[in-house]
Amino acid sequence: LFKKMLFKLKQKDSWVLTSFYIFFFIGLVFSRYSGDSIFNGENFISKAFYYISALLFVGSLIYYYLKYNKTGDRSLEKIRFEYIILFSLFFLTLFTARGAVRLIMVLGPIAPIFVGFLIVESVRWLRNVKDDTLRILWVALIILIVVGGMYSFFVYYNTVKAQAYSFVPSSYNLQWQKAMEWVREDTSEDAVFSHWWDYGYWLQSIGNRATVLDGGNLIVYWNYLMGRLVLTGDNQADALEFLYNHNATHLLIDSTDIGKYTAFSSIGSDKDYDRYAWVGTFLLDETQTQETKNQTMLFYSGGIGLDEDLVIQENGKDVFLPRSAAGVMGLFVPIDKRGNDFTYGRPSTIIVYQGKQHRVNLRYLHIEGRLIDFGDGIESAAFVFPRLDQQSGRISKNELGAAIFVSPRLFRGLLAQTYLLDDPLDRFENFKLVHTQSSLLIEDLRNQGMEVPEFVYFNGNQGPIKIWEIEYTGEEEINEEYLDEDYTKYIDWQL
């Protein structure tokens, strides 16, 4: 096609330019052939090949332009404009594809144009061939190319298909497959699901249901509102009103949202990061567990920073513990013994600031599926759950092996109240739990006869997918702020 574009030039000049173009094309494509090749796109020889081929091509274009312009020959001006546009697009997409593997897709709309040209020109040339033998050989060559291409496509397709069933997407595991089966079969077709944006495409394509958010993140402002008013929201009214405006019928939370709390609490914060928080998991340290005649003091070791300022009373004085600068270094959970009976005592934590340790009581303890309220202490909870240990191919369970420090900021939020604690204070009573999909690990252990709750610690936190049906109070109203796509009308910082 490049040679055809130069048909008005002298034959010798068109061939010279075409040769430089071929060299440039090879340099552009193969100077970044493979990461483990001598042409990896990063070393000296790759860059030299790339730049030299480009400079020679551009230099040859300039040389012949000046040459023809000097003699008054206007042949270069007779090149058809659509050819120039086509090759400009072709070079642009090649440069883009060379930069990142995932951008090879931009060649998709352009490359078929050249394939079409090859087919048309081949048929046209074949019609003009007078030698029957040459014509037969040419047809045979075309058939061979087509059959070979189809075979390569068939082999490649089957390989990718096999990989897709096993690996893509790796996060979409059996737990999600079962959850989406329930969604398809047990919710109405006009149901609308709310959740953090990560799972939108799975709900849409596998669950066959509409969603408020998805991975396209077309409207960033709605991500902010979902993070602020729902997942980290501290009251039911705001959550219901936002969801009402988007016709949401269900709320879904996955166990990976525990690890993602930092992300959506950051996105859902104001410019002072008023919702920014993180979930810290602490593990039972049996070497530091203290035993007395009437009490066992369990100690959970770990470490996270405070997510908000805290003022505590110590020796009759106020002590200020600033966020981030002060850190939670451990949790204590006492077990009081009375003969053969025992009760759980008030949990506490160690907070370290400027090298000094402060023992701080927590008001709540969530253990064995229930929330115990001790009446005073900071509005925070220790969420105690089992830890699984694997040794010699066998799994053992420590009923009290792990704990999550539910900070006051976390404790106020919807995710902690509903997902972790099962809404023990009835703060989000209009969210009715309708489905719990246990993790595959927990299902397997239960099938083997082991009694395990929905949350366990095994190479990280393992938990269920929970789905709530939303019951509106009837007091919700349409709020244009929640439907608008332009966040600059409502906030004065950059999302």
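The values are calculated or read from the model by the stated rules, or taken from the named source; none is laboratory data. Note that the structure is predicted; figures quoted are calculated from it, not measured. As a convention, Cβ positions derive from the backbone with ideal geometry for all residues, glycine included, and neighbour counts pool all protein chains shown. Please note that ligands, DNA and RNA were not included when accessible areas were found on the heavy atoms of the full protein model with its side chains. Shrake-Rupley method; radii C 1.70, N 1.55, O 1.52, S 1.80 Å.
Report the Stokes-Einstein translational diffusion coefficient (µm² s⁻¹, integer) for region 168-309, Rh taken as the Kirkwood radius over Cα pairs, at 10 °C with viscosity 1.306 mPa s.
Details: Rh = 17.4 Å.
Here the translational diffusion coefficient equals 91 µm²/s.
Between ASP132 and LEU61, what length comes free when the chain is fully extended (0.36 nm per residue of separation minus the Cα-Cα distance, one decimal in nm)?
Numbers: separation 71, 0.36 × 71 = 25.56 nm, distance 4.00 nm.
Length difference between fully extended and current span is 21.6 nm.
Give me a comma-separated list of calculated 3J(HN,Hα) values for region 452-466, in order, Karplus coefficients 6.51, -1.76, 1.60 applied at θ = phi - 60°, integers in Hz, x for any Gly or Pro.
9, x, 6, 10, 9, 9, 8, 6, x, 6, 10, x, x, 8, 10
Once you put a point 7 Å from the Cα of SER301 and another 7 Å from the Cα of PHE81, both along the Cβ direction, what distance in nm separates them?
It is 7.5 nm.
Of all accessible surface on region 361-495 at a 1.4 Å probe, what whole percent is carbon and sulfur? Intermediate values should be presented prior to the final figure.
On the way: 2640 of 6580 Å².
Of all accessible area on region 361-495, carbon and sulfur atoms account for 40 percent.
Assign unit charges at the C-beta atoms only (+1 for Lys and Arg, -1 for Asp and Glu), then state the dipole size of the chain relative to its Cα centre in Debye, rounded to the nearest 20.
Working: 46 positive and 59 negative charges, 818 e Å.
Its charge dipole is roughly 3940 debye.
So what are the three principal axis dimensions of region 281-420 from its Cα atoms, in whole Å, longest to shortest?
Here the Cα extents, ordered largest to smallest, are 46, 33, 31 Å.
Computed over the Cα atoms, what is the radius of gyration of region 365-495 divided by 2.2 N^0.38 Å, N being its residue count?
Numbers: Rg = 19.1 Å, N = 131, 2.2 N^0.38 = 14.0 Å.
Expressed relative to 2.2 N^0.38 Å, the Cα Rg reads 1.36.
With all protein chains present, calculate the accessible area of LYS10 using a 1.4 Å probe and round the result to the nearest 10 Å².
120
I'd like to compare 107-113, 420-426: which one has the highest average count of other Cβ atoms within 10 Å, and what's the full order after that? Kindly include the intermediate steps, with their values, before the conclusion.
Working: 107-113: 12.7, 420-426: 16.0.
Final packing ranking: 420-426, 107-113.
If I model a spin label at GLN204 and ASN398 as a point 7 Å from the Cα along the Cα→Cβ vector, what separation in nanometres do I get?
4.4
Ignoring chymotrypsin sites (Phe, Trp or Tyr not before Pro) that are buried or in helix or strand per DSSP, and keeping those with at most 15 other beta carbon atoms within 10 Å, what is the longest stretch of the chain between them? Before the final figure, lay out the partial values.
Numbers: sites that count: PHE7, TYR33, TYR172, TYR273, PHE374, TYR472, TYR490, TRP493.
With chymotrypsin sites (Phe, Trp or Tyr not before Pro) excluded where exposed in loops, the chain gives 34-171 as its longest stretch.
Work out how much length ARG124 to VAL220 would gain on full extension: take 0.36 nm times their residue separation and subtract the Cα-Cα distance, in nm to one decimal.
Numbers: separation 96, 0.36 × 96 = 34.56 nm, distance 5.28 nm.
Length gained, ARG124 through VAL220: 29.3 nm.
Mind checking the per residue accessible area of region 251-291 for me, 1.4 Å probe, whole number of Å²?
On the way: 1800 Å² over 41 residues.
Solvent-accessible surface per residue comes out at 44 Å².
From the Cα trace of region 424-465, what convex hull volume per residue do you get, rounded to a whole Å³?
Details: hull volume 4.1 nm³, N = 42.
Here the figure is 98 Å³ per residue.
Could you tell me which of the pairs LYS293/LYS397; LYS4/LYS130; LYS260/LYS356; LYS271/LYS432 are separated by over 29 angstrom between their Cα atoms in the structure shown?
On the way: LYS293/LYS397 25 Å; LYS4/LYS130 22 Å; LYS260/LYS356 31 Å; LYS271/LYS432 33 Å.
Check vs 29 Å cut-off fails for LYS260/LYS356; LYS271/LYS432.
What nm distance separates the two modelled labels at ILE145 and ASP190, each placed 7 Å from Cα along Cα→Cβ?
Reported label-point gap for ILE145 and ASP190 is 5.5 nm.
Which angle from 0 to 90°, rounded to the nearest 10, does the C-alpha axis of helix 236-245 make with the longest principal axis of the chain?
With both axes taken from Cα atoms, the answer is about 30 degrees.
What full-extension length gain, to one decimal in nm, is calculated for ASN40 and ASP285 as 0.36 nm per residue of separation minus the Cα-Cα distance? Mind showing how you got there, number by number?
Values: separation 245, 0.36 × 245 = 88.20 nm, distance 4.88 nm.
In short, 83.3 nm is gained.
Cα convex hull of the chain: how many Å³ per residue? Provide the component values of the computation, followed by the final result.
Details: hull volume 143.0 nm³, N = 495.
Convex hull of Cα atoms, per residue: 289 Å³.
Tell me, what ³J(HN,Hα) does each residue in region 352-366 have, in order and in whole Hz, if you take phi through Karplus 6.51 cos²θ - 1.76 cosθ + 1.60 with θ = phi - 60° and put x for Gly and Pro?
10, 9, 6, x, 10, 8, 10, 8, 10, 7, 9, 6, 10, 9, 9
Give the Rg (one decimal place) followed by the Dmax (whole number) of region 56-173, computed from C-alpha coordinates and expressed in Å.
My reading of the Cα-based Rg and Dmax gives 21.5, 70 Å.
Using only DSSP helix segments of four residues or longer, with each worth -39500 (n - 2.57), what per-residue ellipticity at 222 nm results for the chain after dividing by its residue count and rounding to 500? Could the numbers behind the result be given before it?
Numbers: 15 runs with 188 residues, N = 495.
Helices in the chain give a 222 nm mean residue ellipticity of -12000 deg cm²/dmol.
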